[in-house]
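A short write-up of the structure that comes next.
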Amino acid sequence: MAWNKECVVLVLDVRENSDMIFKQNAVKCAAEFLKDKMCAAKTDLVSFVLVGTSRTFNDANNSVDNDGYQNIVQYPEVQVSTWQLLMNLFKYVNEEVCDEGNWLDALVVAAELIKNQGKLSNSRIILFYDFNGQSNEYDKFDIISKYILTNEIGLTVISHNIKYIDNEISGAPQAVFTDDQKKNKHQLQNEEYALRLVSHCNAKLCNFTEALSTILKTETKRPWSWNCNLSIGSKISIAVQGVIAVKEENKITLKKCYSDSVDAVSRAPTYFLKDTKITPLDEDLIDGYMLAGSFIPFDEPITEEKETYTPGLKFLSFTKQSAIPSEYFCTESLYWIVHKKNAHSSAKMLDALVKALLKTDMALLCWKIYSVKFNNPKLVVLLPNKLEDNKPASLSMVELAFHTQYNYWEFPPLCSKKTECTKEQIEAIDKLIDSMDLTFDEDNSDIPRETFQKDLLPFDTLPHIFEKTMMDILERKVLSNAGDEIFQEILNDKNFVDVYWKVPDANEVKAKKAAKLVKELFPLETATIPDKKSNQSEAKDINTNKEPVTVLDFDQVGIKTPAADFMKLLKHNVLTLDHQTLRDTKYNFYVEQIQKIIWDLVFSSPNIMMDKVIEALKTYRTSSKDFLATDNYNNWIRSVRDNVKKMGLFEFWEDVIVKYELGLCIYGEPSLEEQLKIQKFYAIKDEGNACEIVEDIETDEDT
């Protein structure tokens with residue numbers, strides 16, 4: 001067995017009493033792990049163990065001195081990851097299951113599988129287990145955990161009810177089990193022993209949010225650095241080293257194939273020009289090749305040796321940082337340039353250079369020659385980083401595109417009457433960003449979170465979209481051609497797109513709500529321009545009869561005169577719109593504003609300003625009839641009614657809602673049934689007294 005191979009055993013909990021969503025996520029996660037192994041580690045070994053099966057089949061159980069390890073099935077062989085292994089996994093997890101099976105026994109079976117593979121560079125066990133209320137045996141916990149630690153077997157435990165908090169002493173993220181449900185003594189014991197794995201055998205505990213990034217992450221043994229000199233002019237030479245800070249890469253390499261090897265490519269010595277056959281002389285013919293219909297000549301001087309440059313960074317010029325548009329950055333990696341270790345003179349020169357660049361807001365344009373072997377000069381820009389007391393002076397190096405490399409794209413200009421966003425618009429954008437899980441709320445730092453790190457956008461855990469898409473498409477093709485009923489069920493009944501591409505439900509709901517609010521606050525308005533000459537005179541007559549369009553200097557219902565502001569906004573910003581959908585969207589935008597103001601005036605103000613509330617309610621109620629939005633008004637006034645009952649504001653209800661008939665809004669003459677509903681709606685005080693009487697009766701009966 002080769003020393004450089006890794007062996008990974010995935011232990012899957014398939015017990016009947018385990019959570020079904022958990023089991024589906026575990027299989028999906030295992031499938032993604034296999035696909036990654038196909039790309040990145042073609043010689044690594046993989047196998048599976050199921051815990052919770054009706055039958056028992058494993059090496060530990062078959063041994064002479066041991067008849068335990070029941071309800072555990074191991075995969076027949078340990079092998080490299082292939083598409084066939086992925087298909088076998090989908091069939092393998094459909095074993096007949098039961099409620100029995102000990103997860104510690106499953107770890108022993110997995111460890112035996114690894115032991116039988118001989119010498120390995122690395123070995124890991126990945127345990128997917130639902131630590132629910134099922135009892136487990138823990139008599140041999142210390143022995144098993146010690147064996148895993150002694151034999152340097154990496155252990156990752158993945159469960160769905162794990163979250164993270166920051167340790168009070170070290171400040172490092174720490175895995176904990178959630179307390180959002182009642183737990184029996186068996187579940188508490190299971191979770192306790194799962195947490196003990198961290199201290200006993202250096203296990204990692206994570207949830208499905210962190211699962212793939214944890215089990216696929218490759219730890220770097222040592223930081224890579226590029227030693228060179230930064231030459232400025234003929235006298236200044238600074239010894240520096242470049243370290244890759246961020247690298248964008250994928251593990252799939254596509255080979256371009258223009259034709260099959262059997263195809264013959266020949267050169268036609270004759271051609272026709274204006275029906276005249278032309279036969280050139282042999283000395284006039286040149287060698288070349290065809291690329292997408294274009295003839296590319298082959299020039300002999302291309303084969304000559306290129307000029308060899310001295311490796312390092314060669315200074316070209318200083319330039320203002322603002323003079324370099326970010327669109328010209330074309331690099332796939334970002335270098336961090338610092339002085340070479342123990343080069344004290346270079347450290348002083350680099351420190352002075354960075355200070356000068358920061359003070360003048362300048363950057364350095366340089367040629368980068370990587371090495372004698374890779375001797376292709378590239379244009380780079382060195383940007384100074386902010387100086388910090390506990391860090392050396394540094395530069396960030398980014399490659400630039402040449403003019404001939406850059407493609408210009410034209411986009412239509414965006415225009416708006418407003419020059420500044422309102423506070424509500426900015427807050428809506430912030431909520432949209434927050435819903436995408438791109439930021440971390442510091443106010444909730446003490447609450448258990450789904451992610452291991454506070455930074456929810458780490459560079460080393462983002463899957464490469466090209467690689468992910470490629471493997472998902474290949475998986476779909478493999479399953480489609482399998483012709484098996486199990487796979488047809490996966491593709492048809494369970495909806496492949498939803499299973500493999502859908503955004504997590506919680507994030508999707510938050511993002512949809514935030515996006516809806518952003519759309520309301522940033523409405524798109526289209527101007528109708530007559531393009532036919534026959535319509536020009538008609539449009540001119542119409543425009544002369546219309547009142548001049550007044551542009552309001554506000555777009556918000558104010559608390560001082562809410563009714564008047566609401567009417568002005570409807571007149572100038574809503575009724576002037578021809579598009580019905582845009583008109584309704586704009587109307588709902590202002591409705592939410594006046595609803596909030598009325599609510600605050602009634603329930604948040606120490607003294608209710610009756611006149612202002614009455615005018616605002618009358619205006620809003622009347623407009624709901626004009627815009628056919630009575631259902632929205634009725635739902636909202638019901639919520640007002642519920643809060644009035646809760647706060648006991650019966651005087652306000654009688655003096656405003658009942659007196660001015662501002663309750664449920666109904667078109668035309670109400671029917672007898674509708675009249676009864678309205679009467680019941682207004683009779684809030686009697687209803688409240690009736691509730692109090694019922695409570696008194698129940699109290700007397702208890703006594």
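The values are calculated or read from the model by the stated rules, or taken from the named source; none is laboratory data. Note that the coordinates shown come from a computational prediction; the quantities given were computed from them, not determined experimentally. As a convention, Cβ positions derive from the backbone with ideal geometry for all residues, glycine included, and neighbour counts pool all protein chains shown. In case anyone asks, the SASA skips ligands and DNA or RNA and just uses the protein heavy atoms, side chains included. Shrake-Rupley method; radii C 1.70, N 1.55, O 1.52, S 1.80 Å.
So here's what we get for this one:
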| read-out | value |
| --- | --- |
| Elements of type strands (runs of 3 or more DSSP E) in the range 153-222, at least 1 residues being in contact (Cβ under 8 Å) with a residue 60 or more places away in the chain and more than 29 Å from E6 (Cβ to Cβ) | 162-166, 173-177 |
| Count of the range 170-205 residues which are open to solvent by less than 60 Å² (accessible area, probe 1.4 Å) and on the phi > 0 side of the Ramachandran plot | 1 |
| Any hit, the range 321-334, residues being at pLDDT 85 or above and in a loop (DSSP other than H, G, I, E, B) | no |
| Residue within the range 607-616 that is crowded, with 19+ Cβ neighbours inside 10 Å, modelled with pLDDT of 90 or more and either of a type outside the set (V, I, T) or in contact with a Leu (Cβ under 6 Å, 6 or more places away or on another chain) (or both) present | yes |
| Number of positions in the range 368-393 that are at pLDDT 85 or above and among the polar types (S, T, N, Q) | 2 |
| Identity of the residue in the range 660-675, loosely packed, with under 11 Cβ neighbours inside 10 Å and modelled with pLDDT of 75 or more, that ends up nearest to L628 (Cα to Cα) | S671 |
| Hits in the range 36-54 (condition: over 20 Å from I114 (Cβ atoms) and in a loop (DSSP other than H, G, I, E, B)) | G52, S54 |
| Filter result for K571 (modelled with pLDDT of 85 or more and surrounded by fewer than 18 Cβ atoms within 10 Å (Cβ to Cβ)) | yes |
| Checking S18 against (1) assigned to a loop (DSSP other than H, G, I, E, B); (2) touching a strand residue (DSSP E or B) at 6+ places or on another chain (Cβ under 6 Å), the condition it does not meet | (2) |
| Some residue of the range 226-233 being surrounded by 15 or more Cβ atoms within 10 Å (Cβ to Cβ) and farther than 28 Å from W336 by Cβ | no |
| Output for the range 588-640, where each listed residue is of a type in the set (G, A, S) and over 39 Å from the mean Cα position of the chain (by Cα) | S605, A616, S623, S624 |
| Enumeration of residues in the range 1-56 that are closer than 15 Å to V97 by Cα, among the charged types (D, E, K, R) and over 30 Å from the mean Cα position of the chain (by Cα) | R15, E16, R55 |
| Selection from the range 617-629 of residues that are surrounded by fewer than 17 Cβ atoms within 10 Å (Cβ to Cβ) and assigned to a helix (DSSP H, G or I) | K618, T622, K625, D626 |
| Residue, most open to solvent (accessible area, probe 1.4 Å), within the range 39-54, restricted to residues that are more than 30 Å from N136 (Cα to Cα) and in contact with a strand residue (DSSP E or B) (Cβ under 8 Å, 6 or more places away or on another chain) | K42 |
| Residue identified as surrounded by 13 or more Cβ atoms within 10 Å (Cβ to Cβ), touching a Phe, Trp or Tyr at 6+ places or on another chain (Cβ under 7 Å) and among the hydrophobic types (A, V, I, L, M, F, W, C) among I162, I148 | I162 |
| Hey, N643 under 24 Å from L570 (Cα atoms), modelled with pLDDT of 90 or more and open to solvent by less than 40 Å² (accessible area, probe 1.4 Å) or not | no |
| Subset of the range 339-360 [open to solvent by 70 Å² or more (accessible area, probe 1.4 Å) and either among the basic types (K, R) or under 38 Å from the mean Cα position of the chain (by Cα) (or both)] | K340, K341, K348, K355, L358, K359 |
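Matching residues to (1) in contact with an Asp or Glu (Cβ under 6 Å, 6 or more places away or on another chain); (2) modelled with pLDDT of 60 or more; (3) more than 30 Å from S81 (Cα to Cα); (4) exposed (fewer than 10 other Cβ atoms within 10 Å of the Cβ):
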site	(1), (2), (3), (4)
L395	no, yes, yes, no
E399	no, yes, yes, no
K418	no, no, yes, yes
K431	no, yes, yes, no
P463	no, no, no, no
